[in-house]
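This report refers to the structure that appears directly beneath it.
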Amino acid sequence: MPRENNFSKEHVSFAKKIIEEINSGLIKDSRTLDDRSFFWSKFFKLKEMPSHPFIYSFASVSEKKQKKFISLLSIKPTRSLSGVQVVAVMLPPFPCPGNCVYCPSQFEGKIAPKSYTGFEPSTLRAQRLGYDSYKIVSNRIKQLDITGHRAEKIELIFQGSTFTCLDKKNQESIVKKSLQAVIEKKTTSFKKIKFLAEKSKRRVVGITFETRPDYCGKEDIKQMLYLGGTRVELGVQHADDEIYKIIKRGHTVDDVISATSKLKDSSFKVLYHLMLGLPGSSPKKDLKNFKKMFKDPNFKPDMVKFYPCLVIKNSQLFKDWKNGLFDPISERDAVFVLSEIQKEIPPWVRVMRINRDIPGNIISAGIKTTNLRQVVDEFMKKKGIVSMDIRSREAGLMSREKEVDYSKAKLKTIFYNASEGEEAFISMESKDALFGFVRLRNPANPFIKSIKSNTALIRELHVYGKALSLGEKDDESTQHRGFGKELMDEAEKIAKEKFGSKKIAVISGLGVRDYYRKQFNYKTEEPFVSKVLK
Ligand code: SF4
């Protein structure tokens, strides 16, 4: 980082370019700030990335007072709370069996996988790199490194269209190349690559696939496990057969129920994509249906992403909107639905995202606000609505705003029924903060060879750290390890005593398997690590 009186004219030009782009609106959040910083650092051939305060020091007096400059530049970049960096791998364009009326397919000739327009930062990057997953991942890692984010623990997310519609050979090739980029080895055997990924310098801590409920049968699930998958994002949108017909979704509510239970019985974490304001729906119907997702044991996802339905060119919905047959949901109604639903979200669910990454200038009609989540949060604050969702209580996020007392953490377990099985959400928490949790399941109808009906499943173990500035040391790390052990001990106890399980299996990112083997004496039993309960 250039020090005072020790910077070149290129550093100054770099700072001025960034300031210019914040003013023009091209840089609007930390993600675009990283992207553009990476671009200009290459352009000016800088060996080190100038710090945010350095750039900020070149802003004019009036710019320095603007909220966007303060929030983007006046603070040091914060390492992601868990130290995990998400690397999105955009899939190449290929057909999807769906015909959803809102799906943009290809927007104005831009080559993008279905469901993306080609203008999102992630698709633009993928296009530039010829949809080569090796290049996408290694480029992103370089970018994270140069911006000081230390990509040591990586979560890979395969996005776009429907992953399981790709033929198996292509699925394996895309995942293989991504793993090669992480482990920085060109070994060709997939088995060997997975083995090397268990001990590589950078570790893959999770792999997520996006798919449709009707393309998530037993064989698809076995394949996703073989590829190292740990989480599946299901396009559920609005689980109602009438609405599915109207939007030409091409699957039924029964498909959602079936995929959800098969995934959970195979230890996967399940994330639902839910869409507001679809044709045939209304704010009242949205709210009723979303409530059902959290109450009805047939659904009960572990995580959710909410998106408002948007009108994009090249979709059937665009024509309907032009012909006066469709009106998108207003921001006011969306904020109302999203804040009301927060009252119903159980403590074991994490709201991962509100809003989608579609640039405002290509939305023909619908909500263009880029910070919908923030608008919802502010509305909730005003109305005194408190959410119990995981994200609102994470100790790490909370520590950005106030002091969190780790010594107040206590074990707590909530039992609930879901997809015919029993779930235990075991947490370490205090009155207002969540320090970590385990999702434990007693499966209902397992079909994976290494899971019997008396095998308990750990679908997730998560321990939260403090928000750290770069270079700051994590004083709580020993305590975190202690939380992990307490949670695992409790999970094994419940599995044995309450579920009557003889074995416990963990779905683990390839790079985390060693942790379970070394810390808790688990053994590899593909595609899991497991332990006999005595
Ligand atoms: S399933 Fe997804 S990708 Fe396929 S048509 Fe529907 S929205 Fe588009």
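The values are calculated or read from the model by the stated rules, or taken from the named source; none is laboratory data. If you're wondering where the values come from, they're calculated on a predicted model, not measured in any experiment. Please note: Cβ atoms are built from the backbone with ideal geometry, for glycine as well, and neighbour counts cover all protein chains shown. The protein model used for the area step is the full one, side chains on, heavy atoms only, and it has no ligands, DNA or RNA in it. Shrake-Rupley method; radii C 1.70, N 1.55, O 1.52, S 1.80 Å.
List of remarks:
- Amide hydrogen neighbours beyond the local backbone of Y307, cut-off 5 Å, H modeled: L274, M275, L276, N355
- Rounded, prolate or oblate (a/c below 1.5 giving rounded, otherwise prolate when a/b exceeds b/c) for region 232-390 by Cα gyration tensor: oblate
- Sparsely packed GluC sites (Glu not before Pro) within region 391-465, loop by DSSP, other Cβ within 10 Å at most 15: E401, E403, E420
- Efficiency of FRET from Cβ geometry, T188 and K9, R₀ 60 Å, rounded to 0.05: 0.80
- Listed residue pairs exceeding 24 Å between alpha carbons, taken from K169/K192; K431/K498; K222/K343; K300/K518: K431/K498; K222/K343; K300/K518
- For E394, nonlocal amide neighbours, meaning residues 5 or more places apart or on other chains whose placed amide H falls under 5 Å from its own, are L434.
- Taking 0.36 nm per residue of sequence separation and removing the Cα-Cα distance, the Q519/K322 pair yields an extension gain of 64.9 nm.
- Share of carbon and sulfur in the accessible heavy-atom surface of region 265-371 [1.4 Å probe, %]: 47
- Ligands, DNA and RNA left out, the 1.4 Å accessible surface of region 395-532 is 47% carbon and sulfur atoms.
- Packing-based order for 341-348, 302-309, using average beta carbon neighbours within 10 Å, highest first: 302-309, 341-348
- Working ranking of peptides 268-276, 21-29 by packing, defined as the average number of other Cβ atoms within 10 Å per residue, highest first, is 268-276, 21-29.
- Whether the chain is rounded, prolate or oblate, judged on the alpha carbon gyration tensor where a/c under 1.5 counts as rounded: rounded
- By the rule of a C-alpha distance below 21 Å, with chain neighbours fewer than 8 residues away ignored, the lysines paired with K68 are K16, K17, K28, K76, K368.
- Among the GluC sites (Glu not before Pro) found in region 169-232, those both in a DSSP coil and sparsely packed, with 14 or fewer other Cβ atoms within 10 Å of their Cβ, are E184.
- Partner aspartates and glutamates whose Cα lies under 12 Å from the Cα of K194, excluding those fewer than 8 positions away in the same chain, are identified as E172, E526.
- Rounded to the nearest 0.05, the FRET efficiency derived from the C-beta distance between N99 and K47 at R0 = 45 Å is 0.35.
- Stokes-Einstein translational diffusion, region 395-532 - Kirkwood Rh over all Cα pairs, 1.306 mPa s, 10 °C, in µm²/s: 100
- In the context of the full set of protein chains, residues of the chain present 45 Å² of accessible surface per residue (probe radius 1.4 Å, heavy atoms only).
- Reachable aspartates and glutamates from K313, criterion Cα separation under 12 angstrom, eight or more residues apart if same chain: E108
- Modelled FRET efficiency - R0 56 Å, T369 with N170, Cβ distances, 0.05 increments: 0.95
- Calculated [θ] (222 nm, deg cm²/dmol) that DSSP helices of n ≥ 4 give over the chain, each run adding -39,500 (n - 2.57): -11000 deg cm²/dmol
- Dividing the mean sequence gap of close Cα pairs (under 8 Å, 6+ apart) by how many residues the chain holds gives a relative contact order of 12 percent.
- Greater than 27 Å apart at Cα, pairs in K288/K402; K305/K382; K114/K245: K288/K402
- Couplings 3J(HN,Hα) for region 371-378, derived from phi with the Karplus relation 6.51 cos²θ - 1.76 cosθ + 1.60 (θ = phi - 60°), are 10, 4, 4, 4, 4, 5, 4, 5 Hz, where x marks Gly and Pro.
- Counting only cysteine Cβ atoms and a cutoff under 4.7 Å, the chain contains unmatched residues C96, C165, C216, C309.
- Options N454, F520, A491, ranked by Cα towards positive dipole end of region 395-532, top entry (Cβ charges): N454
- Percent of beta bridges antiparallel (DSSP, the chain, rounded to nearest 5): 45
- Ranked by the mean number of other Cβ atoms within 10 Å of their residues, highest first, the peptides 431-442, 326-337 come out as 431-442, 326-337.
- Tensor-based shape of region 140-208 (alpha-carbon gyration tensor, a/c under 1.5 rounded, otherwise prolate or oblate): oblate
- Modelled this way, with points 7 Å down the Cα-to-C-beta line, the labels at D254 and K534 are 4.7 nm from one another.
- Contact order for region 84-386, expressed relative to its length and based on alpha carbon pairs under 8 Å spaced 6+ residues apart, stands at 17 percent.
- Potential lengthening of the chain between S453 and K402 amounts to 13.9 nm, from the contour at 0.36 nm per residue minus the alpha-carbon distance.
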